[in-house]
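The values are calculated or read from the model by the stated rules, or taken from the named source; none is laboratory data. Everything numeric here is computed off the predicted structure, so don't read it as measured data. Side chains are part of the model used for accessible areas, which takes the heavy atoms of the whole protein and leaves out ligands, DNA and RNA. Shrake-Rupley method; radii C 1.70, N 1.55, O 1.52, S 1.80 Å.
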Amino acid sequence: MALHCPECGFANAEGANYCQRCGAFLAEAEASSDPSTASYTVGESDELEALELDDVRIRGPALVIRSGGGRAGETFPIHNDRVTVGRSPDADVFLDDVTVSRHHALIVRRGQDYHLDDCGSLNGTYVNRQRVESELLHHGDELQIGKYKLAFLNG
């Protein structure tokens, strides 16, 4: 059964959270799916190790991939004052997708706050479905970079 977007009427696949055409939140999807996010990290032996999201928050700020690229749940702790995000293999948060620029965005610590700065990417950087050049991040914000949707955790 398709989920119809309340904004544009597009018929989205069952289980979709956001409209494929306009990006609007599909309220019906929230009622029928588990809103939790699984989180994991790669351990010393290259094995996946499950993490509780509460543990991620206790250790400090982090990005968690919510969807995209088959990597949902992958966690990137933010330990430095500058964290690079992009398609470059040297990026701190490597997102392998042609819609992601090599040097797409930066997460920058300014005082006690974290900001997401777009680095002139072609396809843009979004926070809570709004295109941004620079944005103060709050706990729970949804970032979209290319096909990837990430949650910013800082609780």
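Quick one: length gained pulling Arg71 to Arg102 fully straight, 0.36 nm per residue minus the C-alpha distance? Could the numbers behind the result be given before it?
Values: separation 31, 0.36 × 31 = 11.16 nm, distance 1.85 nm.
So the extension gain works out to 9.3 nm.
Let me know the shape class of region 66-155, please: from the alpha-carbon gyration tensor, a ≥ b ≥ c as square roots of the eigenvalues, rounded when a/c is under 1.5, otherwise prolate if a/b is greater than b/c, or oblate. Provide the component values of the computation, followed by the final result.
Working: a/c = 1.32, a/b = 1.24, b/c = 1.06.
Judged from the Cα gyration tensor, region 66-155 comes out rounded (a/c under 1.5).
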For Asp118, Asp113, the accessible-area ranking with a 1.4 Å probe, largest leading, is Asp113, Asp118
With all protein chains present, region 66-155 has a carbon and sulfur share of its accessible area (1.4 Å probe) in percent of 44 percent
Ignoring ligands and nucleic acids, Asp96 exposes an accessible area, probe 1.4 Å, in Å² to the nearest 10, of 100 Å²
Note to self: with every protein chain in place and a 1.4 Å probe, region 66-155 gives an accessible area per residue in Å² of 52 Å²
